[in-house]
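In what follows, a single structure is set out as structure tokens and then discussed.
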Amino acid sequence: MGELWQRDAWALADAVRSGKVRAREVVDAHLDRIEARNHELNAVIDVDADGARRQADDVDRRVATGSDPGPWAGIPIGVKELAQVEGFPDTHASLLHEANVAVADAHEVARLRARGAVVVGLTTSPEFGAVSFTNTPLHGITRNPWNLSRTPGGSSGGSAAAVAAGLLPACTGSDGGGSIRIPCSYSGLFGWKCTFGRIGAGPAPFDGSLTSVHGPIVRSVRDAARYIDATGGPTLTDPTSLPMPAVPYEEQLVSGAAVASLRGKRAAWSSTLGYGVVDPRVEAVTREAAEMLVQRAGLELVDLDVSLPAPGRSWGILGAVELAAWNLDAARRNWDALTPVVRAGQRLVDKLRPDGLLEAIRRRHELLLATAAVFEQIDLLLTPTTATPALPAEGAFNFEVAGREVNLFIASAAFTAPFNMTGQPAASIPAGLVDGMPVGLQVVARRHEDELPLAAGAVLEDARPWPKLAPGW
């Protein structure tokens, strides 16, 4: 089965629960990996090695007395620094909050702990999760283990780099415009964004709460299912939070019910969504993966011209307004502390007239109607996850894609952000390599049909297994 740090989280947890492996061994193996290799990536920060070992020892004591610590028994995890872990820095990757310390765990973190997970430290993110590369004044540049000159993406960039390099078997992520799917596409991982509200948020305010979904950064489809089973469900602090399905996702996966549910479903392919552009090599690789999915899952491929309203401006305005609710007063006192995208967004809100906000709300409704019309004709929409392989590690804002000058949104989030606006579930599935770098196939379903993108991932994981770790790690 290889070294402990090479194994999937679900397999490690089951070994710990059965007494075949001690949680302390698992945690020490990953702490050693972090000590030896994290300096190359800058992915894991604020490591609490002593605290992690104490948590692991507690798991081992429970196993020894015949108690089941839970489905995440002994699994060391990193928590994206936009979420709260009691006693850890609570900066949101921003100089505005560099002195803050979390007073309580986020619900997601508390649920993972309650099911046996061991919090090792935090993982890096861009400031407030605002861009699709991870580079901040607080922590510097985070690098992709597939190629250190490239970014692992954002905003769950540190989580993706840590998991793809085997520093940790699983990390938390969040996705307000692609921030799980983009890093997973760039880093060769399975990225599953559930229906909006599937994991109840809080108790603290969270970045991108109008569009953001919490979720896993993991290497395997089964790990993703186990993660949502452990963390999902309603919370009293999140009025949008949803109940979990009657049958756990991992059970649907293992029994074959999830994959069986795909047969006969209608799918359509789009490489533009009506406004985007994609590198022809990325299009070829992801289209090939889509065709294999259609064949292996027994899908019906529908010839449909998918043309949606471009969501970029309305998505950006609504995100900036939500962020301003908690940060504009601090930003006004220190504009120079902010990174360029965050500063531009907060200045926009500071001068925003009501008509601008009203227009953004109307544009979102247009997108909802257009997407609903598409999903009246199909059950699954297949697209590239991103327009290109991973961008430069330092980050950039303007690019040429397929001979067209585009901005950062089109280069990275054009295919992902619409489905944050609509709240639909979507997954990025490793599809292959372009210039030696991973690219992902995105599978989108209707709200509440979360098992379909999960099942699509399982089909391709079986048909064309992807590397669980970046080469050389």
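The values are calculated or read from the model by the stated rules, or taken from the named source; none is laboratory data. Keep in mind that what you see is a predicted model, and the values were worked out from it rather than measured. Because the Cβ atoms are built from the backbone with ideal geometry, glycine has one as well, and the counts that use them run over all protein chains shown.
Among the residues of the range 1-44, write down those that are of a type in the set (Val, Ile, Thr) and in a loop (DSSP other than H, G, I, E, B).
Result: Val21, single match.
Is it true that Thr65 is of a type outside the set (A, V, I, L, M, F, W, C), under 21 Å from the mean Cα position of the chain (by Cα) and more than 20 Å from Ala170 (Cα to Cα)?
Against the criterion (of a type outside the set (A, V, I, L, M, F, W, C), under 21 Å from the mean Cα position of the chain (by Cα) and more than 20 Å from Ala170 (Cα to Cα)), Thr65 does not qualify.
Checking Gly157 against (1) under 10 Å from the mean Cα position of the chain (by Cα); (2) farther than 28 Å from Val321 by Cβ, only one condition comes out false. Which one?
Only one criterion is unmet by Gly157, namely (2).
For the structure I just gave you, tell me whether Leu367 is in a helix (DSSP H, G or I), surrounded by 13 or more Cβ atoms within 10 Å (Cβ to Cβ) and not assigned by TED's automatic domain parsing to the domain that holds His448.
no
What are the residue pairs meeting all of these: first residue in the range 162-184, first residue at positive phi, second residue assigned to a loop (DSSP other than H, G, I, E, B) and among the aliphatic types (A, V, I, L, M), Cβ atoms under 7 Å, and 6 or more apart or on different chains?
Hits for this filter: Gly166/Leu469; Gly178/Ala417.
If you go through the range 386-439 one residue at a time, how many are more than 17 Å from the chain's Cα centre (by Cα), in contact (Cβ under 8 Å) with a residue 40 or more places away in the chain and on the phi > 0 side of the Ramachandran plot?
Residues that pass the stated criteria total 5.
Name the one entry in Gln295, Gln252 that is out of contact with any Leu (no Cβ under 7 Å at 6 or more places or on another chain), touching a residue at least 12 places away in the same chain (Cβ under 8 Å) and surrounded by fewer than 24 Cβ atoms within 10 Å (Cβ to Cβ).
It is Gln252.
Take the conditions touching a helix residue (DSSP H, G or I) at 6+ places or on another chain (Cβ under 9 Å), closer than 20 Å to Val47 by Cα and among the aliphatic types (A, V, I, L, M) and apply them to Leu95. Does it pass?
Yes.
Of the residues in the range 91-119, how many are closer than 29 Å to Val341 by Cα and without any contact (Cβ under 8 Å) to a residue 40 or more places away in the chain?
The qualifying residues number 5.
Report yes if some residue within the range 45-58 is assigned by TED's automatic domain parsing to the domain that holds Pro239, surrounded by fewer than 24 Cβ atoms within 10 Å (Cβ to Cβ), assigned to a strand (DSSP E or B) and in contact with a strand residue (DSSP E or B) (Cβ under 7 Å, 6 or more places away or on another chain); otherwise report no.
Yes, some residue in the range 45-58 is assigned by TED's automatic domain parsing to the domain that holds Pro239, surrounded by fewer than 24 Cβ atoms within 10 Å (Cβ to Cβ), assigned to a strand (DSSP E or B) and in contact with a strand residue (DSSP E or B) (Cβ under 7 Å, 6 or more places away or on another chain).
Please work out if Leu301 is surrounded by 13 or more Cβ atoms within 10 Å (Cβ to Cβ), closer than 20 Å to Pro453 by Cα and not basic (Lys, Arg).
Criteria met by Leu301.
Return a yes/no flag: does the range 269-279 have any residue that is assigned by TED's automatic domain parsing to the domain that holds Gly173, surrounded by 19 or more Cβ atoms within 10 Å (Cβ to Cβ) and part of a helix (DSSP H, G or I).
Scanning the range 269-279, I find no residue that is assigned by TED's automatic domain parsing to the domain that holds Gly173, surrounded by 19 or more Cβ atoms within 10 Å (Cβ to Cβ) and part of a helix (DSSP H, G or I), so the answer is no.
State which residue is modelled with the lowest pLDDT when the search covers only the range 371-414 and only residues that are assigned to a strand (DSSP E or B) and hydrophobic (A, V, I, L, M, F, W, C). Spell out how you get there, then give the answer.
Just the residues of the range 371-414 that are assigned to a strand (DSSP E or B), to begin with: 380-384, 392, 398-401, 404-407.
This time we only want the ones that are hydrophobic (A, V, I, L, M, F, W, C), so: 380-382, 399, 401, 406.
Working: Leu380: 99, Leu381: 99, Leu382: 99, Phe399: 94, Val401: 97, Val406: 97.
Looking at residues that are assigned to a strand (DSSP E or B) and hydrophobic (A, V, I, L, M, F, W, C), I get Phe399.
For Arg333, state whether it is surrounded by 15 or more Cβ atoms within 10 Å (Cβ to Cβ), among the basic types (Lys, Arg) and modelled with pLDDT of 95 or more.
No.
Inspect all residues belonging to the range 329-350 and state whether any of them is of a type outside the set (Gly, Ala, Ser) and closer than 30 Å to Leu433 by Cβ.
yes
Which of the residues belonging to the range 290-314 are of a type in the set (D, E, K, R) and either out of contact with any Ser or Thr (no Cβ under 9 Å at 6 or more places or on another chain) or under 15 Å from Lys265 (Cβ atoms) (or both)? Lay out the reasoning, then the answer.
So the first thing to find is which residues in the range 290-314 are of a type in the set (D, E, K, R), and the list is 291, 296, 300, 303, 305, 313.
Listed by number, the residues that qualify are Glu291, Arg296, Glu300, Asp303, Arg313.
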